[in-house]
Amino acid sequence: MRYGCFGCLALLILVLVVAVAALGIVFLSGNITSPPDVRPVRYSRADGYAAQQKLYEVVLRQTGRSSRQDPVVLTDQEANAFLANHLAEAAELPFDPLIVRFTNGQIELQGQTPLRNLLQGPPFAQLLPYVSDSRLDRPLWVTVRGRIVIEAKGAGGARTYGQVELSDFALGKQELGTWLVSLMLGPTAKRIMRWQVPSVVHEVQLQDGKAIIVTR
């Protein structure tokens, strides 16, 4: 029992050291507050409607109400319009603005949000009362890149999930380890980076300017 308690204490100390080190990077690095190279994607309300219709087509194929087999193609503009309306609702992580691009076989997301929104996981959330509001309310640019992977469907009718396997994470112009995303965001990271998809979806191919959803 003594070793078990000592192990828990050691783990707690390790987590706190990592958290303090991460906060030190955030507060002390001037690159954190420097905006990265940002190229906005212009979109319209029509793009948001088009995205909803295309995603609904995937649902129709899942239920057998559509016999179409051609790939469903989402453009940068359509993805931006759709996520601008639904990301905050789904993950409680508002970005203003939010920019999405498909390029070089990856999805790139750039957005600006106050620092406090990024410190949702333990022990960061518990440290918030000890950080000034001026720091926590400072908007930071977040950049993540990764590829979209559709997990193999399990046996027995198991649900199918898609997830983003991160390759890059940055705050402002400061490159950071992708492992910090899960540590800082806690459960929110999983809700953003992994989501249920219809089992009819076989893969998502990312090309410059578009995401191609291939169905079975």
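The values are calculated or read from the model by the stated rules, or taken from the named source; none is laboratory data. As the structure is a computational prediction, the values presented were derived from the model and not from experiment. Counting neighbours? That spans all protein chains shown, and the Cβs are built from the backbone with ideal geometry, glycine included.
Is it the case that Q52 is at pLDDT 95 or above, of a type outside the set (F, W, Y) and out of contact with any strand residue (DSSP E or B) (no Cβ under 8 Å at 6 or more places or on another chain)? Taking the combined requirement at face value, the residue does not satisfy it.
Each residue in segment 41-77 was checked for being outside any helix (DSSP H, G or I), of a type in the set (D, E) and buried (at least 17 other Cβ atoms within 10 Å of the Cβ), and 0 of them qualify. Residues that are in a strand (DSSP E or B) and not charged (D, E, K, R) within segment 126-153 comprise P139, L140, W141, V142, T143, V144, G146, I148, V149, I150, listed in sequence order. The one condition from (1) without any contact (Cβ under 8 Å) to a residue 24 or more places away in the chain; (2) of a type outside the set (F, W, Y); (3) in contact with a Phe, Trp or Tyr (Cβ under 9 Å, 6 or more places away or on another chain) that K210 does not meet is (1). Here A158, A125 are screened, and the one residue that is within 16 Å of A189 (Cα to Cα) and surrounded by fewer than 16 Cβ atoms within 10 Å (Cβ to Cβ) is A125.
Scoring V181 on the criteria (1) assigned to a helix (DSSP H, G or I); (2) touching a Phe, Trp or Tyr at 6+ places or on another chain (Cβ under 7 Å); (3) over 20 Å from G111 (Cβ atoms); (4) not polar (S, T, N, Q) leaves a single failure, condition (3). Taking G157 as the residue in question, decide whether it is modelled with pLDDT under 95 and at positive phi. Answer is yes for this residue. Can you tell me which residue is surrounded by the fewest Cβ atoms within 10 Å (Cβ to Cβ) among those in segment 164-191 that are polar (S, T, N, Q) and touching a strand residue (DSSP E or B) at 6+ places or on another chain (Cβ under 7 Å)? Checked segment 164-191; the qualifying residue surrounded by the fewest Cβ atoms within 10 Å (Cβ to Cβ) is S167.
The residues listed here are N85, N80; of these, the one that is surrounded by 19 or more Cβ atoms within 10 Å (Cβ to Cβ) and part of a helix (DSSP H, G or I) is N80. The single condition from (1) modelled with pLDDT under 90; (2) under 21 Å from M184 (Cα atoms); (3) touching a strand residue (DSSP E or B) at 6+ places or on another chain (Cβ under 8 Å) that E89 fails is (3).
In segment 38-47, the residue that is farthest from F102 (Cα to Cα) out of those that are more than 19 Å from the chain's Cα centre (by Cα) and of a type outside the set (K, R) is A46.
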